[in-house]
Amino acid sequence: MGDDVVITTYDQARFKLDADVRRCWAFKGSQPVVYKNGSKKAVNVGGAYTSTKEFHFYKMKYQTKEEVLWNIKLLRMKHPNMLFLLDKASWNKNKTVIGYLERNKIHYMFYPTGASDMNAVEECWKQTRENVTANKSHNSEKELLRGLESYWSKNPFKHNMLNYLSP
């Protein structure tokens, strides 16, 4: 691998329309109120964070190997020479996805089982949840997706991926 290699971490997330209830501030002596709509609907997203501090996201209908493969193909167009890091989810680690990576000579590695803290995309998901879905319900998938896209376009992530890859 040469100096032009872009390290790309990849993961999927599911953002629910219903509020992601967390601790919140309230006036002393008062009870915080968080509206929950009870919806089970969600938006699935595939996301990648690169060593060049770029965040790419793709709406997914479901978290399936076909959707993951499509995400990888789109990423490859943006970063033809990449080292691809992903977790061992069944939709990532299968003959279809691995076959594509190997046929197209894309270097790849899987994170160790249970090591989600090594994946820099997890930090992107954490910040997104804190700022978009924490204690806030959304009325539709379209509204939630608009909120996610707005947040990601206005708030570029700046964390150093290499800090996540070394203990």
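In this structure, does T9 turn out to be within 22 Å of H107 (Cα to Cα), surrounded by fewer than 13 Cβ atoms within 10 Å (Cβ to Cβ), among the polar types (S, T, N, Q) and touching a residue at least 40 places away in the same chain (Cβ under 8 Å)?
On the way: within 22 Å of H107 (Cα to Cα): yes; surrounded by fewer than 13 Cβ atoms within 10 Å (Cβ to Cβ): no; among the polar types (S, T, N, Q): yes; touching a residue at least 40 places away in the same chain (Cβ under 8 Å): yes.
It is false that T9 is within 22 Å of H107 (Cα to Cα), surrounded by fewer than 13 Cβ atoms within 10 Å (Cβ to Cβ), among the polar types (S, T, N, Q) and touching a residue at least 40 places away in the same chain (Cβ under 8 Å).
What residue, of L162, L83, L148, is surrounded by 14 or more Cβ atoms within 10 Å (Cβ to Cβ) and within 25 Å of D3 (Cα to Cα)? Explain how you work it out, then say what you get.
Working: L162 fails: surrounded by 14 or more Cβ atoms within 10 Å (Cβ to Cβ); L148 fails: within 25 Å of D3 (Cα to Cα).
Selected residue: L83, the only one of L162, L83, L148 that is surrounded by 14 or more Cβ atoms within 10 Å (Cβ to Cβ) and within 25 Å of D3 (Cα to Cα).
Looking at segment 121-136, I want the residues that are of a type in the set (D, E) and have a partner that is assigned to a helix (DSSP H, G or I) with Cβ atoms under 6 Å, at least 6 apart or on another chain. Which pairs are those?
E122/S116
I'd like to know if segment 57-65 contains one or more residues that are in contact (Cβ under 8 Å) with a residue 12 or more places away in the chain, touching a strand residue (DSSP E or B) at 6+ places or on another chain (Cβ under 9 Å) and more than 20 Å from E149 (Cβ to Cβ). Please lay out each step first, then the result.
So the first thing to find is which residues in segment 57-65 are in contact (Cβ under 8 Å) with a residue 12 or more places away in the chain, and the list is 57-65.
Narrowing further to those that are touching a strand residue (DSSP E or B) at 6+ places or on another chain (Cβ under 9 Å): 57-63.
Narrowing the set further to residues that are more than 20 Å from E149 (Cβ to Cβ) leaves none.
No.
Take the residues of segment 92-103 that are in a loop (DSSP other than H, G, I, E, B) and polar (S, T, N, Q): which is farthest from the chain's Cα centre (by Cα)?
Going residue by residue through segment 92-103, those that are in a loop (DSSP other than H, G, I, E, B) are 92-94.
Retained after the next criterion (residues that are polar (S, T, N, Q)): 92, 94.
Working: N92: 13, N94: 19 Å.
For segment 92-103, the residue satisfying everything is N94.
With Q63, Q12 as the choices, which residue is farther than 18 Å from M161 by Cα, out of contact with any Pro (no Cβ under 8 Å at 6 or more places or on another chain) and of a type outside the set (G, A, S)? Full working, then the answer.
Working: Q12 fails: farther than 18 Å from M161 by Cα.
Q63 is the lone residue from the list that is farther than 18 Å from M161 by Cα, out of contact with any Pro (no Cβ under 8 Å at 6 or more places or on another chain) and of a type outside the set (G, A, S).
Out of the residues in segment 104-140 that are out of contact with any Leu (no Cβ under 7 Å at 6 or more places or on another chain), aliphatic (A, V, I, L, M) and in a helix (DSSP H, G or I), state the one that is surrounded by the most Cβ atoms within 10 Å (Cβ to Cβ).
Once the filter is applied, the top-ranked residue is V121.
If we scan segment 27-50, do we find a residue that is polar (S, T, N, Q), part of a loop (DSSP other than H, G, I, E, B) and under 30 Å from R103 (Cα atoms)? Full working, then the answer.
Within segment 27-50, the first condition is being polar (S, T, N, Q), and the residues that meet it are 30-31, 37, 39, 44, 50.
Then keep just the ones that are part of a loop (DSSP other than H, G, I, E, B); that gives 30-31, 37, 39.
Filter once more, so that each one left must be under 30 Å from R103 (Cα atoms): none.
Among the residues of segment 27-50, not one is polar (S, T, N, Q), part of a loop (DSSP other than H, G, I, E, B) and under 30 Å from R103 (Cα atoms), which makes the answer no.
Since every read-out is calculated from the coordinates, none of them should be taken as a lab result. Treat the numbers as computed from the prediction; the structure is a model and nothing was measured. Note: ideal-geometry Cβ built from the backbone for every residue, glycine included; neighbour counts use all protein chains shown.
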